[in-house]
Amino acid sequence: MTLRDIFGAQVLNPFRIARLIPHIPSFLRLFYGLFKDQRVPTLTKLVPLLAVLWLLSPLGIELDVLPVIGEVDAVLVIYFALKLFIWLCPPEVVREHVIRVGHPIQATSH
């Protein structure tokens, strides 16, 4: 089993990651909407909070002193925490929020 098998090819491809940058505002609206949604279980909402706590912990802060490694570990922690958060959310709720983020005018007119 390789790193690509574990993490997925998109994590190791910087060009693919770079294409996601313009979509960050939409992702933030999606995560914020899911986090506020009452249909998402509280335990699921703990995943991103625990990731932030880990980054602010002494171990997370110590790794920031190391060039490159500090930044890479923070990006990976955030990436996997948000991916796990989406995976644990109810699929129909995620779909609803994706549609709302993709079509903000139509979603607010309902």
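The values are calculated or read from the model by the stated rules, or taken from the named source; none is laboratory data. Here the structure is a predicted model, which is why all the values come from computation and not from measurement. Cβ: placed from backbone, ideal geometry, glycine included. Neighbour counts: every protein chain shown.
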query: How many residues does the stretch 51-110 contain that are at pLDDT below 90, part of a helix (DSSP H, G or I), farther than 16 Å from residue 27 by Cα and small (Gly, Ala, Ser)?
result: 4
- request: Kindly indicate the residue of the stretch 19-38 that is loosely packed, with under 11 Cβ neighbours inside 10 Å and either at pLDDT 95 or above or among the acidic types (Asp, Glu) (or both) and also farthest from residue 100 (Cα to Cα) among those meeting that condition.
  value: 38
query: Taking only pairs six or more apart or across chains, which ones have beta-carbon atoms under 7 Å, a first residue in the stretch 75-100 that is without any contact (Cβ under 8 Å) to a residue 40 or more places away in the chain, and a second residue that is surrounded by 16 or more Cβ atoms within 10 Å (Cβ to Cβ) and assigned to a helix (DSSP H, G or I)?
result: 77/51; 77/55; 78/51; 81/47; 81/48; 81/51; 84/47
